[in-house]
Amino acid sequence: MSEFIMTRRGFTVSAVAALIAPALPAFALDQAGASRLVGTVVDSINSVIASGKSEAAMIAEFERIFIQYSDVPTIARYALGVDARSASAAQMSAFTQSFTGYISRKYGKRFREFMGGRLEVQSAKPVKSFYEVRTLAHIPGSSPFDVTFLVSDQSGKDLFFNMFIEGVNLLLTERDEIGAMLDQRRGNLDQLIVDLKKAG
Amino acid sequence: MQIFAKAFLGAALATLAACATPEPGQNFADPYEQRNRKIHEMSKRMDTNVLRPAAMAYGKALPEPARVGVANVASNLSLPSTVVNGVLQADAELVVNNTLRFVINSTVGIAGIFDPAANMGLTKQSADFGETLHVWGAREGAYIQLPVLGPSTERDTVGKVVDAVINPLGLMFPPEAIPVTRGIKVADVLGDRYRFDNTISSTLYESADSYAQLRSVYLQNRRYELGMSAIADETAYDDPYADTAADPTLDPYADPYAALE
């Protein structure tokens, strides 16, 4: 039941990767690219933990990583579910922004739980319009467990859009949660957008 | 106790035969939601007042290696029951794996405190009677929030009762040892509650609807264990990029595991 797992090995690599990554040419998504993306994300998160910054600073860093490597608009739209249909463009963009902060706080707070762990890429294969990258998480004191990432290039860039931890679909779990928050507010999306700025 | 269990089992099997099926558009059946929610609130109060404080005290009193040792002993004691279920499921690999694990860890691993079998490639494999029923073709049935024991389904509740009856552990130890094995089981529960405190507490106390979150997470994870999730069958993955133009959010429960139930 862990959200993000990091590999210590990546500490030095990640600094190099950070320099190289922006210079990489855009390439069509393939298996190697999908695995590479997962590796890069894990390394980036890893270096944030290693930085020893304050929790608030780490959460800000995580938000930056989340925006850089995941398809935030698609994730936010999915999380909002049916209500995304009736939302205006302005509401959608405000929701996406609030949602990004909420996710960053919610999962960023829990970085430390995964210190000393590493993520081992097992396989990458094409599924439907995207790639599935299966990894094994090794965390001290736990049996290795399955963490699967879904990566897509449909946004024009290789970005991940979902993650499964031992079968638990984070996108779906967040949609359930956002749906419950909306219900609490009698479907008032504007109120949800305001409240999400503080949630997580 | 045994008689009660048997009577309950009979009733439970009858319930199972009349297993609830999901409403159209839903990927789970929860006809007992009202009662389940009451039990969930009760469980939350119990967690706040008893379980979590006890788990925190346990976690602080025992250093991590000791807690891992207790968890290993508890896991080792569960192996005979998994072997019985492995036989019922005709899963020879699991039977051999878990029998060897039990023999090696009970001896070389000093009563299961250590897990040398894992280093020999004999990895942890779980099995329970709920899973056996699944292998035999039983459906999941309705979601049930059990008092004390937590989330379950109709099928898995029957499974728990049967597991309690067919557990060979009672045959392997004298009756005096039962309080000890029970004590280890309780300590293991406390250890898990301590270890996963962040995940459990955030789900229980920070969710907008902790009942719905727990139900969702439990069912997803259980179906994954039974090989029923998209991880096992890729066609079950929800593709948010598929017909984006039409509307990716048309059916909020066109879910990764919906196709499999």
**Item:** Chain lengthening between B:Thr48 and B:Val96 when straightened (0.36 nm per residue, less Cα-Cα)
**Value:** 13.2 nm
**Most mobile listed residue (B:Pro65, B:Pro24, B:Pro53) in chain B, GNM with C-alpha springs under 10 Å** = B:Pro24
**Request:** Give, to the nearest whole percent, the P(r) tail of chain B beyond 27 angstrom, counting all Cα pairs.
**Result:** 47
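Please express the shape of the range B:82-131 as an equivalent ellipsoid: the semi-axes are the square roots of 5 times the eigenvalues of the C-alpha gyration tensor, given largest first in whole angstrom.
That gives 21, 10, 8 Å for the three semi-axes.
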**Fill in**
Taking the alpha-carbon centre of each part, the distance from the range A:49-70 to the range B:119-180 in Å is 41
**Local electrostatic count, A:Gly187, Cβ distance below 14 Å [Lys/Arg +1, Asp/Glu -1]** = -1
**Item:** Helix B:92-107 axis, angle to chain B major axis (alpha carbon atoms, nearest 10°)
**Value:** 40
**Item:** Two-site label geometry, A:Ser88 and A:Lys128: point separation in nm, points 7 Å out along Cα→Cβ
**Value:** 3.2
**Prompt:** For the cross-link pairs B:Lys60/B:Lys124; A:Lys109/B:Lys185; B:Lys38/B:Lys160, which exceed 29 Å when the distance is taken from alpha carbon to alpha carbon?
**Reply:** A:Lys109/B:Lys185
**Message:** I need the shape label for the range A:99-177. Rule: rounded when a/c is under 1.5, else prolate if a/b > b/c, else oblate, with a, b, c from the alpha carbon gyration tensor.
**Reply:** oblate
**Prompt:** Order of B:Ile39, A:Ile75 from fewest to most other C-beta atoms within 10 Å?
**Reply:** B:Ile39, A:Ile75
**Message:** Based on the alpha-carbon set only, what is the convex hull volume of the range A:31-196 divided per residue, in Å³?
**Reply:** 121
**Asked** Mind checking the mean number of beta-carbon atoms from other chains within 10 Å of the Cβ atoms in A:68-75?
**Response** 1
**Asked** Check B:Ala29: other-chain or 5+ apart residues with amide H under 5 Å from its amide H, H built from backbone geometry?
**Response** B:Tyr143
**Relative contact order (%) - the range B:29-260, alpha-carbon pairs under 8 angstrom, separation at least six** = 22
**Request:** At 7 Å along the Cα-to-beta-carbon direction for both B:Ala242 and B:Val103, put a label point, then send me their distance in nm to one decimal.
**Result:** 4.8
**Separation of the B:Leu171 and A:Ser155 label points, Cα + 7 Å toward Cβ, nm** = 5.7
**Complete:** Across 10 Å bins beginning at 0, the whole-percent shares of Cα-Cα pair distances in the protein assembly as shown come to 4, 18, 29, 28, 15, 5, 1, 0
**Mean residue ellipticity (222 nm) of chain A, computed from DSSP H runs ≥ 4 via -39,500 (n - 2.57), nearest 500** = -16000 deg cm²/dmol
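I need the calculated FRET efficiency for the pair B:Val186 and B:Gln26, taking r as the beta carbon distance and R₀ as 45 Å, to the nearest 0.05.
After rounding to 0.05, the efficiency reads 0.80.
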**Asked** In peptide A:137-149, what is the residue-averaged number of other protein chain Cβ atoms found within 10 Å of each Cβ?
**Response** 2
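Computed from the coordinates by the stated procedures, all read-outs in this text should not be read as laboratory data. Computed from a prediction, not measured in an experiment: that's the story for all the values here. Note that we place each Cβ from the backbone using ideal geometry, even for glycine, and neighbour counts take in every protein chain shown.
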